[in-house]
Amino acid sequence: MKYMLIFRANDEALAGMMNADFNEVLATVGAYNDEMIRAGVLLAAEGLDDPAEGVVVDFSSEPPVITDGPYGETKELFGGFYILNVASKEEAVEWAKRSPMTGAGFKTEIRRVTTIDEFPQDNEWIQKERKWREATGQL
């Protein structure tokens, strides 16, 4: 099963991380990544750029409202993710507990990634997506 570990931080935690020695951060995160690679569970991992560089498309009105970052009233920012291939939610939780991104203001959300097999296979759009996934080596 695939699980996504979503890393979130509040403003204070993010500021503290930005003030940390970057080489130390890389070494700590690199060791965590290496552990998951050696265990054969890491499928993908990405961090996200500064939220001030982001854009929000808000569909609460017509036409949608486009707002440049930083985002107003954000209590926790989504800073990056890992996608793991593990046997269970419990195993995903165990990997999340080993995360080096810890301390006050840091959280990791764990969500199962659904598969195309869970959708109606007779649906034309699912069939098109399946063909695309097969053609790109994703299935």
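The values are calculated or read from the model by the stated rules, or taken from the named source; none is laboratory data. This is a predicted model, so every value here is computed, not measured. In this analysis, Cβ positions are derived from the backbone assuming ideal geometry, glycine residues included, and neighbour counts consider all displayed protein chains. The area values use the complete protein model at the heavy-atom level, side chains included, leaving out ligands, DNA and RNA. Shrake-Rupley method; radii C 1.70, N 1.55, O 1.52, S 1.80 Å.
A few points about this structure:
- Test: residue in region 20-35 that is hydrophobic (A, V, I, L, M, F, W, C), open to solvent by less than 50 Å² (accessible area, probe 1.4 Å), out of contact with any Ser or Thr (no Cβ under 7 Å at 6 or more places or on another chain) and outside any loop (DSSP other than H, G, I, E, B): yes
- Conditions (1) at pLDDT below 85; (2) of a type in the set (A, V, I, L, M, F, W, C); (3) open to solvent by 60 Å² or more (accessible area, probe 1.4 Å); number of the one not met by residue 77: (3)
- Tally, over region 93-114, of residues that are surrounded by fewer than 16 Cβ atoms within 10 Å (Cβ to Cβ) and more than 26 Å from residue 39 (Cα to Cα): 1
- Boolean, residue 43 is part of a strand (DSSP E or B), at pLDDT 90 or above and open to solvent by 70 Å² or more (accessible area, probe 1.4 Å): yes
- Matching residues, region 29-67, being under 30 Å from residue 87 (Cβ atoms) and among the aliphatic types (A, V, I, L, M): 29, 31, 36, 37, 39, 41, 42, 43, 44, 45, 48
- Checklist (1) open to solvent by less than 60 Å² (accessible area, probe 1.4 Å); (2) assigned to a helix (DSSP H, G or I) applied to residue 17, failing item: (1)
- Members of region 92-114 found to be free of Cβ contacts under 8 Å to residues at least 12 places away in the same chain and in a helix (DSSP H, G or I), listed by number: 94, 97
- In the set (1) in a helix (DSSP H, G or I); (2) open to solvent by less than 80 Å² (accessible area, probe 1.4 Å); (3) among the aromatic types (Phe, Trp, Tyr), residue 132 fails one condition alone, (2).
- For residue 90, the conditions (1) over 16 Å from the mean Cα position of the chain (by Cα); (2) surrounded by 11 or more Cβ atoms within 10 Å (Cβ to Cβ); (3) closer than 24 Å to residue 8 by Cα are fulfilled apart from (2).
- Any hit, region 47-60, residues being touching a Pro at 6+ places or on another chain (Cβ under 8 Å) and either surrounded by 13 or more Cβ atoms within 10 Å (Cβ to Cβ) or at pLDDT 90 or above (or both): yes
- Every condition in (1) part of a helix (DSSP H, G or I); (2) open to solvent by 70 Å² or more (accessible area, probe 1.4 Å); (3) at pLDDT below 85 is met by residue 38 except one, and the failing one is (3).
- Only one of the numbered conditions (1) surrounded by fewer than 13 Cβ atoms within 10 Å (Cβ to Cβ); (2) under 19 Å from the mean Cα position of the chain (by Cα); (3) outside any strand (DSSP E or B) is violated by residue 117, and that is (2).
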